[in-house]
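Below is one structure, written out as C-alpha cells; the observations come after it.
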Amino acid sequence: MNEERTRVSLHRWSDLSSVDAVLAQCLADLGGIEAFVRPGQTVVIKPNITANAPSDSGGTTHMELVEAIVRQVQRCSPGRVVVAEGTGAFGITHESAFPTGGWREMAARTGVELWNLDAGPFVELELENPRYEGIIPFSQLIYEADVFITVPCIKTHITADYTVVLKNAYGQTPQWKRSEIHRQYLLEQSLVDLNRIRKPDLCVVDGYDGAEGIAGGTDFERPAGARLMLVGTDPVAVDVISRDLMEFSARTRYLTWAIEDGLGIANREQIEVLGESVEDLRRHFMTSGE
C-alpha cells in the first residue's frame, strides 16, 4: 500500500491588497519559501496570461501575486529570477513580451527578467512511452531552471474541462506547436507529456477571481470571485483540490493519465489540506456546458 502523502495550503484571499500576507501564510504552512529556494539558484516563475484578458476577468494571473512571489524568492538571494510566459500574441521576441497589465513596471521595480517563452530556445526530448506521438519542443529556460514555480488561475475550460496547474504547462511549448497540437486534437496527450518533462517545484494557484463558463482562452466574461489561494508541490494534488473547490467532478482524461503516469497523488486521504477547509471555500463554477 502506498503511504506517500502530500500537503497543500488553502487560505481565503478576500482583498487583493492582502496578497503578501496570504501568500506568506500559505508558504509558512509548507515550510516557508526557504524550503524551495536557495542562494544563487535560477528561479523561473510562470504565470498564466491568456488572450490579453485583464486579471479581474479571472482569465489571467494577477501581476500582484507574481510580484509577491518575487519578493518572497528574493529573500533567499537567488542568482537569477525570471518571469516567463508564452506571449506570442504580442510577438515572438523577448522585447515584445508582457506589453500590458503592468508587468514591465513590476519588472523595473523588482529587477527581475521578463522572458517570452515563444522566443525560445527549446530542447527536444524523447520520453519513454509518450502519450503524444511526436516531439514536443520544450522551453530550455524552464527545463534547466533550479526552481520552477507555476502560477496558474483556477478556471473551467471549453476544451480541457478545467485548467489549473497541469494545463498551465501548455505555454512551455511554442505557439506554432500549440496550434499544431490543437489541429491534431491531441491537447490532453501533450499536457501529460509536458508535465512529465518538467514538473513544477511549487504551484501557487491564483484563486482571487478565477473564471467559469466558456473560458478556455476565448471568453472570460464570468469571473468566479473565488477569493482563495492554494499552494502545493504536487501538481496532481493541487489540481484535485482545485476541482473540489470548483465542485467539478467530471472525469478528465489528462488528469487520469497524469495519475496513471505517476505525476502526483490523487487520493484525497493522502492529501492534507492546511489552513482553511475546502468545504468553507468551495463554490460551484459554471462549466462550459451550463
How big is the antiparallel share of DSSP beta bridges in the stretch 1-141, given as a percent to the nearest 5? 25
I need the GluC sites (Glu not before Pro) found in the stretch 162-227, filtered to DSSP loop residues with at most 14 other beta carbons within 10 Å of theirs. GLU221
Any idea of the accessible area per residue across the stretch 47-152, 1.4 Å probe, to the nearest Å²? 42
Residue among PRO39, LEU16, ILE69 farthest towards the positive dipole end of the stretch 1-160, charges placed on Cβ: LEU16
Would you look at the GNM of the chain, springs on alpha carbons closer than 10 Å, and say which of GLN25, GLN184, GLN140 moves the most? GLN184
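Nearest 500 deg cm²/dmol is fine: what mean residue ellipticity at 222 nm does the chain get from its DSSP H runs of n ≥ 4 alone, each adding -39,500 (n - 2.57), divided by its residue count?
Details: 10 runs with 84 residues, N = 290.
Computed ellipticity for the chain at 222 nm equals -8000 deg cm²/dmol.
At 4 °C and 1.567 mPa s, what whole-number value in µm²/s does Stokes-Einstein give for the translational diffusion of the chain, with Rh from the Kirkwood sum over Cα pairs? Working shown, then result.
Values: Rh = 18.7 Å.
Answer, rounded: 69 µm²/s.
The values are calculated or read from the model by the stated rules, or taken from the named source; none is laboratory data. All figures in this text were calculated on a predicted structure; none of them were measured in a lab. A quick note on method: Cβ atoms are made from the backbone with ideal geometry, for glycine too, and the neighbour counts reach across all protein chains shown. The area values use the complete protein model at the heavy-atom level, side chains included, leaving out ligands, DNA and RNA. Shrake-Rupley method; radii C 1.70, N 1.55, O 1.52, S 1.80 Å.
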